[in-house]
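The values are calculated or read from the model by the stated rules, or taken from the named source; none is laboratory data. Keep in mind the model is a prediction, meaning the values are calculated, not measured. Cβ: placed from backbone, ideal geometry, glycine included. Neighbour counts: every protein chain shown.
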């Protein structure tokens, strides 16, 4: 009876564990997108795309496709979100920090090549003496692949 009650919970836990790799990869991809967005100011582009999509959908309700596209992208009919995005871009440009320019100065020293012979030198024996031969036969029957 205890097994019957715990069944759905065990099934959910097994399903979650099977999808752990998928969730991990999704989280890594999402983190990469967030970092790229934050470091390259790509968030303004994403917000502008959302604003244009919303404007196009609203303009399609009142006119043809050509008129809606014209009205959306002509710049003379900005929506409130477009105005906020423009104001946000301007305020971000004003508050940008000036990064100090550091110059790395490396001392140029003339490279000198010095060839020094080794202090101890011995001749090694013939290579054939060091190679051991394999005299045993292969196993019978031959090994089978582990993943079949």
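Just to be sure, is residue 98 closer than 30 Å to residue 30 by Cα, surrounded by 10 or more Cβ atoms within 10 Å (Cβ to Cβ), modelled with pLDDT under 85 and out of contact with any strand residue (DSSP E or B) (no Cβ under 9 Å at 6 or more places or on another chain)? Please lay out each step first, then the result.
Details: closer than 30 Å to residue 30 by Cα: yes; surrounded by 10 or more Cβ atoms within 10 Å (Cβ to Cβ): no; modelled with pLDDT under 85: yes; out of contact with any strand residue (DSSP E or B) (no Cβ under 9 Å at 6 or more places or on another chain): yes.
Against the criterion (closer than 30 Å to residue 30 by Cα, surrounded by 10 or more Cβ atoms within 10 Å (Cβ to Cβ), modelled with pLDDT under 85 and out of contact with any strand residue (DSSP E or B) (no Cβ under 9 Å at 6 or more places or on another chain)), residue 98 does not qualify.
Take the conditions at negative phi, part of a helix (DSSP H, G or I) and at pLDDT 85 or above and apply them to residue 15. Does it pass?
Details: at negative phi: yes; part of a helix (DSSP H, G or I): yes; at pLDDT 85 or above: no.
No.
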